[in-house]
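Any read-out appearing in this document is the output of simple, stated calculations on the displayed coordinates, not a laboratory observation. This is a predicted model, so every value here is computed, not measured. Note: ideal-geometry Cβ built from the backbone for every residue, glycine included; neighbour counts use all protein chains shown.
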Amino acid sequence: MKGLRGVIGRVRGWRRGWHERTKLQRIDLYTRGTLAVLPWVFLASWGLLPLLPVLGEGPVPAGLAVAFFAVNTALCVLSNRHLGAAFAHHRGAETFPVRRLRLPAALLALLTGLVVALAATADLKDAGLALLVLDVPLAFAIPYVLLVPVRTYLVHSAVYAAVLVALLAAVGVPAGLLFGAVLSMLVAILLVLSSVRPSAWSMSAMWQAEEARDMQARLAVAEERLRFGRDMHDVLGRNLSVIALKSELAVELAQRGNPAAVDQMVEVQRIARASQQEVRDVVRGYREADLPTELMGARGVLQAAGISVTVEGADGP
């Protein structure tokens, strides 16, 4: 019972966290989640189904098949772990440390050796070898395509494909299967490039637009504060100068015993009260907004959200 309550609590927490996110954050999470699922889908299909018949061929092929699946699983885990940082690197938000690619690269090399060993020792069907070759680079390539330029990715992928095909040829894989392996590598390279890179580009563009809107809002607030400061300076600056001069004059007249000092202080009091009223008027002007102003503000908010708005009336456009 306690376990069920804990599961329900976690589900409610996930749901609450989802609703607390902005629309852009939800899209970003959905995009990264979809890309994170891809290597596991490929692992459960292309990386597993061809291995099932191999398990009954003997201890060596079966051991190689189990090792292949285990290494592939570890590579998928690292792919998911590095995907968020790769997205941030692609956006320019942070730099992805090159040293974090050492372990995935080592696992990819090991996985390549295992698929070559399987091709040499196991009785893989034509489609089975093609599917394994198709699955081998995917988990590594999904985050890697976000870390380097497209040209660099294509060059590195071509070099890797050439090395893999050469190794398969060295263990005696027939020419027909080698041609299928080349096609599989081409499909894998283009699949990652056409699915991951556009998704990351779209998210980067949306985040940049969001950051630009935030910056525009902050600049608008800063400009409004500056305008308010200028208005306050215009209102109080002149009156404070007059108050200072009349106060000095009243002091001099009072020192001489001149009754006109009282008149000067009365004038100072009048100017001070007038200044208070002018300050209230300035503040009221910032706090109060008429209907056309409110409509213009609402239209700006809706247009920023991509909603077309038309305001009809004598005071609206």
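Given R₀ = 25 Å, what would the calculated FRET efficiency be for V311 paired with R230, taking r from the Cβ atoms and rounding to 0.05? It comes out at approximately 0.25. Neighbour counts of other Cβ atoms within 10 Å put D135, D28, D234 in the fewest-to-most order D234, D28, D135. Extension gain for E223 to V251 (0.36 nm times residue separation, less C-alpha to C-alpha distance): 6.0 nm.
Computed 3J(HN,Hα) for region 43-55, one whole-Hz value per residue from the Karplus formula 6.51 cos²θ - 1.76 cosθ + 1.60 where θ = phi - 60°, is 5, 6, 10, 5, x, 10, 4, x, 7, 4, x, 6, 4, glycine and proline marked x.
Here the Karplus curve 6.51 cos²θ - 1.76 cosθ + 1.60, taken at θ = phi - 60°, turns the phi angles of region 172-183 into couplings of x, 5, x, 4, x, 5, 5, 5, x, 5, 4, 4 Hz, with x standing for Gly and Pro. Taking the Cα centre of region 2-211 as reference, the dipole from Cβ charges on Lys and Arg (+1) and Asp and Glu (-1) amounts to some 1120 debye. Using a Förster radius of 45 Å, what is the FRET efficiency between L55 and T22 based on their Cβ-Cβ separation? Nearest 0.05, please. It comes to 0.40.
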